[in-house]
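K.L.:
I'd like to ask you about the structure that follows.
The values are calculated or read from the model by the stated rules, or taken from the named source; none is laboratory data. These numbers come from a predicted model, not from an experiment. As a convention, Cβ positions derive from the backbone with ideal geometry for all residues, glycine included, and neighbour counts pool all protein chains shown. Areas reflect the complete protein model, heavy atoms only, side chains present, ligands, DNA and RNA absent. Shrake-Rupley method; radii C 1.70, N 1.55, O 1.52, S 1.80 Å.
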Amino acid sequence: MEEVVHQISARFPCRENLIRQLFRFYGEDDIFPPAVYLYGHTSTGKTAILQEFVRYITGTKCAFLNAIECYTNKIFFETILNRLADHTPTAEHGYASVASVDCMRDFVAHLQHMHNELSYLIVVENAERVRDMDHNVLPMLLRLPEVSGLNISVILVSDLPFEKYFIRTGLSPVIKVFVAEYSKKEIASIMMEGFDTVRDELRSNLELTADGSTKHALSEDEVQKRVKALMELPNGFYENYLNIFLNMFFKVCRDLKELQLVSFECFQKYCEPVLDGTIASDDAIKLWRHIAKTLKLALSTIYMRMGSVNQEMLRPTLDSSESLEQMHTMKRLAQNLELPFYAKYLLIAAYLASHNAAKEDKRLFMKYHGKQRKRMQSVNAKAKVTEKMATQMGPKSFTIDRLLAIFYAILDEKAGLNCNLLAQISTLIHLKFLVFASGEGSIMDGSARLQCLVGMDFITHIGRMVGFNVRQYLCDFF
């Protein structure tokens with residue numbers, strides 16, 4: 001057991017406790033627990049560790065499935081049976097399943113005819129989607145050993161706590177295992193282990209510039225010189241970069257995959273002056289001044305997937321018009337974003353709610369708001385410096401009610417409050433333009449508080465696309 005734990009831990013660092021827990025449940029030749037609920041935030045290694053772990057379990061049939069793909073009961077049940085029976089639907093057999101199953105009763109009947117000598121493990125990703133199936137699916141999944149007579153267990157993998165699953169008729173007890181987010185120190189150690197991979201990738205990119213296939217082609221001698229400097233970079237150089245990077249990004253994003261992607265894109269810019277010999281590798285102050293603008297730009301576009309646009313923004317620039325180029329790139333980024341008409345107004349309303357005080361809403365969005373007396377205190381408050389401007393101090397949280405109130409105030413046409421409008425708020429959250437500050441997952445009851453993560457330049461271009469002047473409704477520009 002210890003040897004296997006060390007082997008898996010070598011691939012998934014900082015998760016040894018989780019691996020040991022899984023071995024206590026499934027590693028011994030004993031009866032499996034009926035159900036285990038594995039939950040935690042995304043990109044914490046839940047599914048990847050399970051896929052690696054089941055390779056070391058002997059005498060066990062495993063079925064991995066995603067509840068999003070299995071959108072009907074029939075597909076859900078037949079997918080489980082196919083994978084437990086090692087059956088793959090092919091064109092020769094008309095893509096037929098091992099059995100035709102329409103309901104839970106038929107599914108249990110087929111399980112009862114399976115071999116008792118083997119153990120069975122069913123892993124359901126995005127398990128929260130099971131709540132949308134028939135009312136008896138979830139309760140029966142938690143009681144499969146009792147109704148089938150097999151040594152079978154179900155592992156439900158989700159981002160939500162199990163309290164979100166309770167129904168009126170109640171559910172059987174389930175073992176709950178929480179997978180915590182990686183700490184800043186753990187993320188740094190994981191990313192540090194990938195330094196050799198990052199260096200090899202950068203070397204491949206440099207070698208591509210020698211054949212003239214890229215926009216900024218380099219001579220063969222220059223490429224060899226940079227490759228040599230790259231391979232001589234010490235581990236401490238990358239460690240200093242990760243400290244700078246995580247100090248800036250860790251509060252905004254805890255997603256390891258996202259951080260690895262953005263870190264690699266920014267590292268190309270960070271090491272550029274070191275490779276061409278303009279800055280020494282141990283001159284931390286000059287390196288910080290060189291990378292600061294790139295990190296701030298990457299921070300405002302961290303969750304966006306715009307193909308080559310992100311690469312163009314973060315690539316090493318060789319001319320003096322860097323700020324102008326970034327401005328044009330941000331404009332193209334906004335234009336390439338295909339959002340519905342109302343979603344653009346919702347995003348604008350969210351930005352205004354995040355960067356205006358709630359007490360100013362009446363004066364900003366109502367036609368008849370009464371007179372405002374001029375006092376020395378209010379006059380002095382308007383004499384703001386850049387550091388004290390709300391648009392520079394970061395987004396504040398706001399309620400769903402306030403978001404909708406601003407949305408209807410700035411929208412010229414009438415729009416009813418329906419499920420499509422609320423679904424567009426969920427879309428903006430899924431795209432990471434909005435994030436939950438509190439009350440996560442409770443949009444419908446209005447108790448959630450959100451924050452808007454997009455920047456001033458980006459929202460200004462979105463406003464121009466719909467003919468709306470964002471600056472006119474910001475207190476900073478009165």
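K.L.:
Quick one: if you stick a label point 7 Å off each Cα along the C-beta vector at D283 and R11, how many nm between them?
P.N.:
Roughly 4.4 nm, to one decimal.
K.L.:
Order the following by accessible area, largest value first: M465, M192. Probe radius 1.4 Å; ligands, DNA and RNA are ignored.
P.N.:
M465, M192
K.L.:
As a quick test, which of the pairs K269/K344; K251/K432; K293/K359; K228/K257; K286/K396 have an alpha carbon distance above 23 angstrom in this structure?
P.N.:
Correct reply: K269/K344; K293/K359; K228/K257; K286/K396.
K.L.:
For the range 285-302, just list the computed ³J(HN,Hα) in residue order, Karplus coefficients 6.51, -1.76 and 1.60, θ = phi - 60°, integers in Hz, with x standing in for Gly and Pro.
P.N.:
Residue by residue, the range 285-302 yields 5, 5, 5, 5, 5, 6, 9, 4, 5, 5, 5, 5, 5, 5, 5, 7, 10, 5 Hz.
K.L.:
Also: Order the following by accessible area, largest value first: K185, K74, K414, K362. Probe radius 1.4 Å; ligands, DNA and RNA are ignored.
P.N.:
K414, K185, K362, K74
K.L.:
A further question follows. Taking the simple approach of a point 7 Å from Cα along Cα-to-Cβ for both T72 and T197, what is their distance in nm?
P.N.:
Taking the two extended label points, one gets 3.9 nm.
K.L.:
Treating only the Cβ of Lys, Arg, Asp and Glu as charged (+1, +1, -1, -1), what charge dipole size does the range 79-162 show about its Cα centre? Round to the nearest 20 debye.
P.N.:
Its charge dipole is roughly 140 debye.
K.L.:
Follow-up question, since we're still on this one. In whole Hz and in residue order, list the ³J(HN,Hα) couplings for the range 396-412 that follow from phi through the Karplus curve 6.51 cos²θ - 1.76 cosθ + 1.60, θ = phi - 60°; x for Gly and Pro.
P.N.:
Using θ = phi - 60°, the values come out as 9, 7, 8, 8, 5, 4, 5, 4, 5, 5, 5, 4, 6, 6, 8, 7, 6 Hz.
K.L.:
Sticking with this one: Out of residues 5 or more away from A437 or on other chains, whose amide H comes under 5 Å of its own, with H placed 1.01 Å from N in the peptide plane?
P.N.:
Amide H to amide H, under 5 Å and 5 or more residues apart or across chains, A437 pairs with R449, L450, Q451.
K.L.:
Against the globular-protein guess of 2.2 N^0.38 Å, express the Cα radius of gyration of the range 151-199 as a ratio, rounded to two decimals.
P.N.:
This ratio for the range 151-199 stands at 1.87.
K.L.:
In µm²/s, what is D for the range 213-285 at 37 °C and 0.692 mPa s, where D = kT/(6 pi eta Rh) by Stokes-Einstein and Rh is the Kirkwood radius from Cα pairs?
P.N.:
My calculation gives 239 µm²/s for D.
K.L.:
Let me ask something else about it. Using all alpha carbons of the range 7-163, what is the percent of pairwise distances in each 5 Å bin, ordered from the shortest bin to the longest?
P.N.:
Spelled out per bin, shortest first, that is 2, 8, 18, 22, 20, 15, 9, 4, 1, 0.
K.L.:
Calculate one ³J(HN,Hα) per residue across the range 113-126 by plugging θ = phi - 60° into the Karplus curve 6.51 cos²θ - 1.76 cosθ + 1.60, and present them in order as whole Hz with x for glycine and proline.
P.N.:
8, 7, 5, 7, 6, 9, 9, 10, 9, 10, 10, 10, 7, 6
K.L.:
Could I ask something else about it? So how exposed is C14, as accessible area in Å² (1.4 Å probe, rounded to 10)?
P.N.:
Here the accessible area works out near 50 Å².
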